[in-house]
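Asks: A single structure is presented below for examination.
The values are calculated or read from the model by the stated rules, or taken from the named source; none is laboratory data. Since this is a predicted model, take the numbers as computed values, not measurements. Here Cβ is always computed from backbone atoms with ideal geometry, including for glycine, and neighbour counts include all displayed protein chains.
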Amino acid sequence: MSTAENSILGLIMPTDPRWADLASVSLEEILTDHAFCEQKAATQCISLIQLYPDKTELINALSPIVTEEWGHFRMVWAEMKKRGYLMGPQRKDNYVNLLIQHTPKNLHRDDKLLHKLITCALIEARSCERFRLLSEGWEEVTMRNFYYKFMVSEAGHYRLFIDLAEQYYPVEKVRSAWKQWLEIEMLVLQQLAPRGDRMH
């Protein structure tokens, strides 16, 4: 992904180009990890709705995303079944876990929401970037088209979480938090070696 494309997503650090090369030779592993990522994305949206039942705009925005993310899981699972792959055990997402460790402590409930929305937006933006790499890098046309659809969807999700944050907080506060989390993500990525068996 070019610098300009990263800028559109708000990211300041591109994925290590070695990642796409490694993923291209680990199709079963990357599909399995992707399936779990879609499960977690749906679960995260459900969790936000449960934690903030008083936020009507949030419920209205995230309810269809739950359905969409679970639909994405079903798409990945269908592709896996077609190829004779099994789900295998759940994997830890070190990228997400390291990000979450940087969430400020002892925040008020409403301030926690800002950081939750921003980190969700960041994860969606990074996923979108990686889906684009896969949509451009694989020799198999079927898989290029498969990941192009996911790339378009994740770009919309990234924007949705930012828009939600700006509904509940001043724009400048959202931008400041976004900039802070981009710096954190850069540090997290520097800690992680590229792995072709992980989406993040």
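Asks: Give the residue, chosen from Leu51, Leu62, that is over 24 Å from Leu189 (Cα atoms) and more than 17 Å from the chain's Cα centre (by Cα). Show your work before the answer.
Replies: Numbers: Leu62 fails: more than 17 Å from the chain's Cα centre (by Cα).
From the options Leu51, Leu62, the qualifying one is Leu51.
Asks: Would you check which residues across the stretch 99-118 are surrounded by 15 or more Cβ atoms within 10 Å (Cβ to Cβ) and touching a residue at least 24 places away in the same chain (Cβ under 8 Å) and list them?
Replies: Leu99, His102, Leu113, Leu114, His115, Lys116, Leu117, Ile118
Asks: Checking the condition under 18 Å from Tyr158 (Cβ atoms), out of contact with any strand residue (DSSP E or B) (no Cβ under 9 Å at 6 or more places or on another chain) and surrounded by 13 or more Cβ atoms within 10 Å (Cβ to Cβ), which residue from Glu57, Glu69, Glu79 passes?
Replies: Values: Glu57 fails: surrounded by 13 or more Cβ atoms within 10 Å (Cβ to Cβ); Glu79 fails: under 18 Å from Tyr158 (Cβ atoms).
Going through Glu57, Glu69, Glu79 in turn, the sole match is Glu69.
Asks: Is it the case that some residue within the stretch 144-164 is under 19 Å from Tyr95 (Cα atoms) and touching a His at 6+ places or on another chain (Cβ under 6 Å)?
Replies: No, the stretch 144-164 contains no residue that is under 19 Å from Tyr95 (Cα atoms) and touching a His at 6+ places or on another chain (Cβ under 6 Å).
Asks: Out of the residues in the stretch 143-184 that are in contact (Cβ under 8 Å) with a residue 24 or more places away in the chain and hydroxyl-bearing (Ser, Thr, Tyr), which is farthest from Lys116 (Cα to Cα)?
Replies: Ser153
Asks: Which of the residues spanning the stretch 44-60 are not aromatic (Phe, Trp, Tyr) and not in a helix (DSSP H, G or I)?
Replies: Step one: filter the stretch 44-60 for residues not aromatic (Phe, Trp, Tyr), giving 44-51, 53-60.
If the condition is that a residue be not aromatic (Phe, Trp, Tyr) and not in a helix (DSSP H, G or I), then Pro53, Asp54, Lys55 are the ones that fit.
Asks: Within the stretch 122-132, does at least one residue satisfy the condition of being outside any loop (DSSP other than H, G, I, E, B), touching a helix residue (DSSP H, G or I) at 6+ places or on another chain (Cβ under 8 Å), of a type in the set (Ser, Thr, Tyr) and at pLDDT 95 or above?
Replies: Within the stretch 122-132 (the criterion being outside any loop (DSSP other than H, G, I, E, B), touching a helix residue (DSSP H, G or I) at 6+ places or on another chain (Cβ under 8 Å), of a type in the set (Ser, Thr, Tyr) and at pLDDT 95 or above), the answer is no, since none of the residues qualifies.
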